[in-house]
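The values are calculated or read from the model by the stated rules, or taken from the named source; none is laboratory data. Just so it is clear, the structure is predicted and the values come from calculations on it, not from any experiment. FYI the Cβ positions are ideal-geometry reconstructions off the backbone, even for glycines, and counts take in every protein chain you see. Just the protein is used for accessible areas: all its heavy atoms, side chains included, with ligands, DNA and RNA removed. Shrake-Rupley method; radii C 1.70, N 1.55, O 1.52, S 1.80 Å.
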Amino acid sequence: MEFIGSSYKGDTKNGRMDGKGEYTFPTETKYEGEMKEGMFHGKGVLHFPNGSKYEATWENGIAKQGSFTFADGLQYQEKDWDYCDGYDRRFYSERCNGLRPAGESQLSDLHPPHIIPDGCYDCGDGSYDPKARVVTSYSGRFLRNADDCEDEWILRTCRKAWDEAAGVDPENSVAF
């Protein structure tokens, strides 16, 4: 485990994770729960570094039934999901706390939003530098290299460090 950067604290049997324990991935995601023969097995929770979590019942390392909760407390719903869809684009905090006064646009779910370095984009879990094609956390820690698909999506949809609306096509926009 040390070779790949992961760690385990908990019960073992025959040199394998077995019983209750905590497994930490190299990405700092932590699994807390039941293990059997070296695999997640039984009830357990994955805690992600951004504060979100996935609670599930596991069977031989595979999640059989679970629920995802975002860092802000929003519970994902597989059916009848109406959060941030084409008909309601408010942020979760706006749904819970109401809209900000006129002239104080809310640019992200946080107010004030994260500061984005010059020339970069806010991709939700950090900043994206399109020249280096690298996503870093808001604190500057490397997260990943963006593939072509993610690069295209970020450039098309995400908030920019400069003052320009994302996703607006001036030729097809309607002036009010």
Picked from segment 21-62 (must be in a loop (DSSP other than H, G, I, E, B) and among the aromatic types (Phe, Trp, Tyr)), the residue farthest from Asn97 (Cα to Cα) is Phe25
Go through segment 52-62 and report how many residues are open to solvent by 50 Å² or more (accessible area, probe 1.4 Å) and of a type outside the set (A, V, I, L, M). 6
Applying the selection to segment 14-40, what residues are open to solvent by 50 Å² or more (accessible area, probe 1.4 Å) and in contact with a strand residue (DSSP E or B) (Cβ under 7 Å, 6 or more places away or on another chain)? Lys20, Lys30, Glu32, Glu34, Lys36, Glu37
Take the conditions polar (S, T, N, Q), in a loop (DSSP other than H, G, I, E, B) and either modelled with pLDDT under 75 or open to solvent by 40 Å² or more (accessible area, probe 1.4 Å) (or both) and apply them to Gln65. Does it pass? no
I'd like to know if segment 68-78 contains one or more residues that are at pLDDT 85 or above and open to solvent by less than 50 Å² (accessible area, probe 1.4 Å). yes
For segment 132-160, which positions are more than 24 Å from Thr27 (Cα to Cα) and either β-branched (Val, Ile, Thr) or open to solvent by 40 Å² or more (accessible area, probe 1.4 Å) (or both)? Glu152, Leu155, Arg156, Thr157, Arg159
